[in-house]
Amino acid sequence: MRKILLCAILTVMAVGIEAQSIREEIRDNIRCSAGNYLAYPEPAQLKLTPAPEGKHPFYISHYGRHGSRYLIGANDYEAPYAVMAEADSLGKLTPLGKDVVQRLDIIRKDAHGRYGELTRLGALQHQQIMRRMVDRFPEVFAEGADVDARSTTSLRVFLSMENAMMQLSRMCPKVFIHHNATQRDMYYLCGSDPRLEALKQDSATQALLTTFSQRYDTSSRLMQSLFNDTAYVRQHIDADKFSNSLYELANSLQNTDLSLRMTLYDLFTDDELYDYWRKGNAWWYVNYGFCPASGGSQPYCQRTLLRKIINDADVSIQLKQPGAQLRYGHDTMLLPLVCLLEIIAAPHSQRENRFGLATADLESLDRKGWANYKVIPMAGNLQLVFYRSSPDDTDVVVKVLLNENEVQLPLKNHHGPYYLWRDFREYYLKKLDAYEESEK
């Protein structure tokens, strides 16, 4: 009986420890609370697993998000400033509030005319990612290699690609580089599915997210710290909307030069930042993960992209020269692609992040390791690296890097993180075919 009781206690303790792990990650690095606004972290895995004996990298297939950027619209900056400036003119701010309105003024002036644009840090991120790609896989970028790069027509995405290509040309001047940003490529670089989009907007789905978010009060304490008149706040300020605006500004600062001068994270407690992240993470899961509430099939919105990746790889494998196909786009494509692949990421915290997760329990996402910042920080990227012993080798193997760290797939591995390409393509093509057949 004592043994049974001890096992039960240890089980509860283990669950508790696991449930705290992402909370602790965010506490240790509050920037992680930004979710998809996290500035790209350098890869945690410095040494990659050696390839099977005799195999050498010859081809890389890649999809990457644009680098760090400013918030999208003028209202993201001007609206919260206007709220506080009006309150200040009426004498409704606390000393902290007066300090914050000055910070907001600096932030909005820095962002003026740059809305949605790539920042200097965003450009640097893609230069560094390309540098590491060449350093890790020099055979892919050998003399005469053919590199084809495509971006969406978004300026920040195009400039992300161009910064990567400039870095590549500096390091490998004898590589043939073709790069373009055209509407013709948008169907796979930035595709969507109207039926799946409609499922996201279903009233029951939206009610689920609203109910979940309302469980966490992330505005009351903040309002009291910034404003000296509770009646004024009740009558004139949408506390939740305003607090969320400050939270987004706090997250966005890490992507700009202003991060060296100021912060807004001091306005929030650790628990508030964690709760904000939980609400945002749930939104990403419902909209782009295998959440049953939104149909359980949202990642299939990127089935065209995955087919393109597979078909392009089949063609490239037939070529004798090395090369790469580099695609640049957005977080709203990268995250569902990672989920569609059912990637299992095991970061150095020893937590497994299973992005093929399907659960109706939004409260359990962090405990089960579904964390948006593991996939879609600014400049987040997926790299499929192909290996063979010679152009005649039919046993091509592939490994997958998520944000430059090795991950697992739901397949029988050939050697460590390496999988036979024929197993990869068979598994995912069957998966895509089954879904498309079910939709007829």
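The values are calculated or read from the model by the stated rules, or taken from the named source; none is laboratory data. Values in this document were obtained by computation on a predicted structure and should not be read as measured data. For neighbour counting, all protein chains shown are included, and Cβ atoms are generated from backbone atoms with ideal geometry for every residue, glycine included. The protein model used for the area step is the full one, side chains on, heavy atoms only, and it has no ligands, DNA or RNA in it. Shrake-Rupley method; radii C 1.70, N 1.55, O 1.52, S 1.80 Å.
Please give the charge dipole size of segment 15-100, origin at the Cα centre, charges +1 on K and R Cβ atoms and -1 on D and E Cβ atoms. Round to the nearest 20 debye.
220
Calculate how steeply helix 120-136 sits against the longest principal axis of the alpha-carbon atoms of the chain, using the helix alpha-carbon long axis, and give the answer as 0 to 90 degrees to the nearest 10.
Result, in degrees: 30.
Output the Cα-based Rg and Dmax of segment 330-423 in Å, rounding Rg to one decimal and Dmax to a whole number.
For segment 330-423, the Cα-based Rg and Dmax read 14.5, 51 Å.
How big is D for the chain, in µm² s⁻¹ as a whole number, if Stokes-Einstein is applied with the Kirkwood radius of its Cα pairs at 25 °C and 0.890 mPa s? Mind showing how you got there, number by number?
Numbers: Rh = 23.4 Å.
So the translational diffusion coefficient is about 105 µm²/s.
What Kirkwood hydrodynamic radius do you get for segment 247-326 when you take the inverse of the mean 1/r over all pairs of distinct Cα atoms, in Å?
Result for segment 247-326 stands at 16.7 Å.
Could you order peptides 402-408, 358-364 by the average number of other Cβ atoms within 10 Å of their residues, highest first?
402-408, 358-364
Rounding to the nearest 20 debye, state how big the charge dipole of segment 168-303 is about its Cα centre with +1 on each Lys and Arg Cβ and -1 on each Asp and Glu Cβ. Walk me through the numbers on the way to the answer.
Details: 13 positive and 15 negative charges, 130 e Å.
In debye, rounded to 20, segment 168-303 gives about 620.
Take each of the peptides 41-49, 159-167, average the number of other beta-carbon atoms within 10 Å over its residues, and list them starting from the highest. Display every interim value, and only then the final one.
On the way: 41-49: 12.8, 159-167: 22.3.
Per-residue Cβ counts within 10 Å, averaged per peptide and sorted highest first, yield 159-167, 41-49.
What angle, in degrees between 0 and 90 and rounded to the nearest 10, separates the Cα long axis of helix 239-253 from the longest principal axis of the Cα atoms of the chain?
50
Which whole-number value in Å³ per residue fits the convex hull of the alpha carbons of segment 226-288? Could you put the intermediate results ahead of the total?
Numbers: hull volume 7.3 nm³, N = 63.
It is 116 Å³ per residue.
Give the calculated FRET efficiency between residue 136 and residue 321 to the nearest 0.05, with a Förster radius of 22 Å applied to their Cβ-Cβ distance. Don't jump to the answer; show the numbers that get you there.
Values: r = 19 Å, r/R0 = 0.87.
Computed FRET efficiency for residue 136 and residue 321 comes out at 0.70.
With each run of n ≥ 4 DSSP H residues scored as -39500 (n - 2.57), what mean residue ellipticity at 222 nm is computed for the chain after dividing by its residue count and rounding to the nearest 500 deg cm²/dmol?
Working: 15 runs with 207 residues, N = 440.
Rounded to the nearest 500, the figure is -15000 deg cm²/dmol.
Could you work out the relative contact order of segment 224-319, using alpha carbon pairs under 8 angstrom and six or more residues apart, expressed as a whole percent? Working shown, then result.
Values: 31 pairs, mean separation 10.5, N = 96.
Relative CO of segment 224-319 lands at 11 percent.
Subtracting the Cα-Cα distance from 0.36 nm times the residue separation, let me have the gained length for residue 312 to residue 178 in nm, one decimal. Write down the numbers at each step before the final one.
Working: separation 134, 0.36 × 134 = 48.24 nm, distance 1.52 nm.
Computed gain between residue 312 and residue 178 is 46.7 nm.
Ranked highest first by average number of other Cβ atoms within 10 Å, how do 375-381, 281-287 line up?
Details: 375-381: 27.0, 281-287: 21.7.
The densest-packed peptide leads the list: 375-381, 281-287.
Run through the DSSP bridge list for the chain and note the antiparallel percent, rounded to the nearest 5. Don't skip to the end; give the middle numbers.
Details: 24 of 43 bridges.
Rounded to the nearest five, the antiparallel share is 55 percent.
How far is helix 331-340 tilted off the main Cα axis of the chain, in degrees rounded to 10, range 0 to 90?
Around 60 degrees separate the two axes.
Taking the dipole about the Cα centre of the chain, with the C-beta of Lys and Arg at +1 and of Asp and Glu at -1, give me whichever of 260, 134, 198 is farthest to the positive side.
So the residue furthest toward the plus end is 134.
In nm, to one decimal, how far is the modelled label at residue 220 from the one at residue 207, with both set 7 Å along Cα→Cβ?
2.5
Please state the charge dipole magnitude for the chain, taken about the Cα centre, from unit charges on C-beta atoms (+1 on K and R, -1 on D and E), reported in debye and rounded to the nearest 20. Could you put the intermediate results ahead of the total?
Values: 51 positive and 54 negative charges, 91 e Å.
The dipole of the chain has a size of about 440 debye.
Would you list the P(r) distribution for segment 37-191, with all Cα-Cα distances sorted into 10 Å bins from 0 and each bin expressed as a whole %?
Result, from short to long distances: 9, 28, 27, 16, 11, 6, 2, 0 percent.
Set the bar at 25 Å for Cα to Cα. Now go through 200/440; 279/412; 174/320; 200/399; 279/440; 241/279 and name every pair that lies beyond it. Provide the component values of the computation, followed by the final result.
Values: 200/440 20 Å; 279/412 35 Å; 174/320 17 Å; 200/399 32 Å; 279/440 35 Å; 241/279 13 Å.
Violating the 25 Å limit, Cα to Cα: 279/412; 200/399; 279/440.
Taking the dipole about the Cα centre of the chain, with the C-beta of Lys and Arg at +1 and of Asp and Glu at -1, give me whichever of 343, 385, 54 is farthest to the positive side.
The residue sitting farthest along the positive end of the dipole is 54.
May I ask you to work out the translational diffusion coefficient for segment 178-258 at 10 °C, viscosity 1.306 mPa s, via Stokes-Einstein with Rh from the Kirkwood sum over Cα pairs, reported in whole µm²/s?
Numbers: Rh = 16.9 Å.
For the chosen part, D equals 94 µm²/s.
Assuming R0 = 30 Å, what is the FRET efficiency of residue 228 and residue 75, from their Cβ-Cβ distance, to the nearest 0.05? Show your work: numbers first, answer last.
Numbers: r = 26 Å, r/R0 = 0.87.
Computed FRET efficiency for residue 228 and residue 75 comes out at 0.70.
From Cα coordinates alone, what are the radius of gyration and Dmax values for segment 180-315 in angstrom?
Considering segment 180-315 through its Cα atoms, Rg and Dmax are 19.9, 67 Å.
At what distance in nm do the modelled label points of residue 429 and residue 29 sit from each other, each positioned 7 Å from its Cα along Cα→Cβ?
With each label point 7 Å from Cα toward Cβ, the separation is 3.8 nm.
Per residue, how much accessible area does segment 33-129 have with a 1.4 Å probe, in Å²?
Numbers: 4160 Å² over 97 residues.
Averaged over the residues of segment 33-129, the accessible area is 43 Å².
Can you list the trypsin sites (Lys or Arg not before Pro) in segment 304-402 that are in a DSSP coil and have 15 or fewer other beta carbons within 10 angstrom? Mind dumping the intermediate values first?
Details: sites: 307, 308, 320, 327, 351, 354, 367, 368, 374, 388, 399; in loops: 320, 351, 367, 368.
Sparse-neighbourhood loop trypsin sites (Lys or Arg not before Pro): 320.
Just the Cα atoms of segment 122-187, one point each, no solvent: what log10 I(q)/I(0) does Debye give at q = 0.18 Å⁻¹?
-0.65
What number, in percent, do you get for the relative contact order of the chain if the mean sequence gap of Cα pairs under 8 Å and at least 6 apart is divided by its residue count?
On the way: 730 pairs, mean separation 118.3, N = 440.
It comes to 27 percent, rounded to a whole number.
Measuring from label point to label point, each 7 Å out along Cα→Cβ, what is the residue 438 to residue 361 span in nm?
2.3
If you count only protein heavy atoms with a 1.4 Å probe, what accessible area per residue comes out for segment 295-433, rounded to a whole Å²?
33
Just to be sure I understand: with springs between alpha-carbon atoms less than 10 Å apart, which residue in 427, 373, 70 has the highest mean-square fluctuation in the Gaussian network model of the chain?
Between 427, 373, 70, it is 427 that shows the largest mean-square fluctuation.
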